[in-house]
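Notes follow the structure.
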Amino acid sequence: MAETFTGLKLQGELAKYGKLELSHCSCFHELPDGKVVSGTTYGTMIVWEGELIKSHLMLEVEPHKPLHQGWLEVIIQDGDYFLTAGADGWIKWWRISEIDVAEAEEGVDFAIVPVREILIAKNEQTGEDPAYIINMTLANNKWYIQDKNGGIYVMDHDSDGVYRNVYNFHKGAIVDLCCSPTHNYAMSLGEDGLVKVWDYAKKDQMDCYD
């Protein structure tokens, strides 16, 4: 924090990516010793010491295979592990102890292996239509998983990979909404081109039109 004329302000540091491609960051986690782990748009994790990169984590150093395909959106501590998830629908667990000491002998690229991984997809059997996971939260020993495509999944914390879809909303913004004056019904029109009919008293979707 920094004291300014208008009060306390957050004072940040400019990250030095060096030879790495610049990236947006949508998730991070701080280690007990002050190091910071952040996600990237290209599916890897970066371990920071101050403003400098200590290590760049991926599945394989050659040929630069990332931890996830696409944006890495979620980093959550789960006991002795970091849980990550993102655009490819995979949830993966990594040992924090490995990440904490990760340091390449040459350069910054360092390979790590997940201890567990689960694919969240609309078609659980084939893995087709994977979720784009943008958020996860743990409540009552259950993981609630938010899909950018409009779904919410639930999975037991200690599950062997069994999950279920509990809600399907619109993909993208809701552009119009109309409620019945006589019944507990509402109709929503989404940016995805779908019209959905809801029973908001039962919290249930009654119908969907394309």
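Could you run through region 151-210 and say how many residues are on the phi > 0 side of the Ramachandran plot and touching a residue at least 12 places away in the same chain (Cβ under 8 Å)?
Residues meeting the conditions: 3.
So, in region 88-104, how many residues would count as being in contact (Cβ under 8 Å) with a residue 60 or more places away in the chain and either out of contact with any strand residue (DSSP E or B) (no Cβ under 7 Å at 6 or more places or on another chain) or assigned to a loop (DSSP other than H, G, I, E, B) (or both)?
1
Checking the condition at positive phi and over 15 Å from the mean Cα position of the chain (by Cα), which residue from H64, H56 passes?
Exactly one of H64, H56 is at positive phi and over 15 Å from the mean Cα position of the chain (by Cα), namely H64.
Among the residues of region 186-210 satisfying the criterion of being among the aromatic types (F, W, Y) and not in a loop (DSSP other than H, G, I, E, B), which is surrounded by the fewest Cβ atoms within 10 Å (Cβ to Cβ)?
Y209
Pick out, from region 107-185, the strands (runs of 3 or more DSSP E) lying fully within it that include 2 or more residues that are under 26 Å from T40 (Cα atoms) and among the charged types (D, E, K, R).
Ranges flagged: 116-119.
Keeping to region 31-65, report how many residues are in contact with a helix residue (DSSP H, G or I) (Cβ under 9 Å, 6 or more places away or on another chain) and either assigned to a strand (DSSP E or B) or under 13 Å from F110 (Cβ atoms) (or both).
5
Working only within region 154-196, note down all residues that are touching a Phe, Trp or Tyr at 6+ places or on another chain (Cβ under 9 Å), farther than 30 Å from N140 by Cα and among the aliphatic types (A, V, I, L, M).
Residues satisfying the conditions are A186, M187, L194, V195.
Read-outs throughout are calculated quantities, based only on the coordinates presented, and are distinct from any laboratory measurement. What you see is a predicted model, and the numbers here were worked out from it, not measured in a lab. All Cβ positions, even for glycine, are placed from backbone atoms using ideal geometry, and neighbour counts span all protein chains on display.
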